[in-house]
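First up is the structure itself, then whatever we jot down about it.
None of the figures in this text is laboratory data; all of them are computed from the coordinates on show. Computed from a predicted model, the values in this text were never measured in an experiment. Every residue, glycine among them, receives a Cβ derived from its backbone with ideal geometry; neighbour counts consider all protein chains shown.
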Amino acid sequence: MTNLLYINASPRGELSAANQAALIFTDALADSVQVNRLDLFDAKLPEVTLEITAAKMKFAMGLDLNDD
């Protein structure tokens, strides 16, 4: 089965016209597609720091991950 991740990034939630349209669309797909929904305003997301971002960039460039 195909998976679809719908990310709601609108602070307006149910009042958002785009969110309402997306919900109608994803509900119509529900019989043939597994829809996973993520609301960024309800989700507990990890803190993104400069140190984490620098480590991600080092990893992406194939550099050693060390303490400096």
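Separation of segment 20-68 from segment 1-15 is 12 Å, based on Cα centroids. Take the Cβ atoms of residue 41 and residue 66, set R0 to 30 Å, and the FRET efficiency comes out at 0.25. Report summary: the helix-based calculation at 222 nm, which adds -39500 (n - 2.57) for every DSSP H run with n ≥ 4 and divides by the residues of the chain, gives -11000 deg cm²/dmol. Using Cα pairs under 8 angstrom and six or more residues apart, how large is the relative contact order of segment 2-60, in percent? Dividing the mean separation by the residue count of segment 2-60 yields 45 percent.
Projected label points at residue 9 and residue 24, each 7 Å from Cα along the beta carbon direction, are separated by 2.3 nanometres. Highest mean packing comes first when the peptides 49-60, 4-15 are listed by Cβ atoms within 10 Å, giving 4-15, 49-60. Whole-Hz Karplus values for segment 8-20 come out as 8, 10, 8, x, 7, x, 5, 7, 6, 5, 5, 5, 4 Hz, taken residue by residue from phi with 6.51 cos²θ - 1.76 cosθ + 1.60 and θ = phi - 60°; glycine and proline positions read x.
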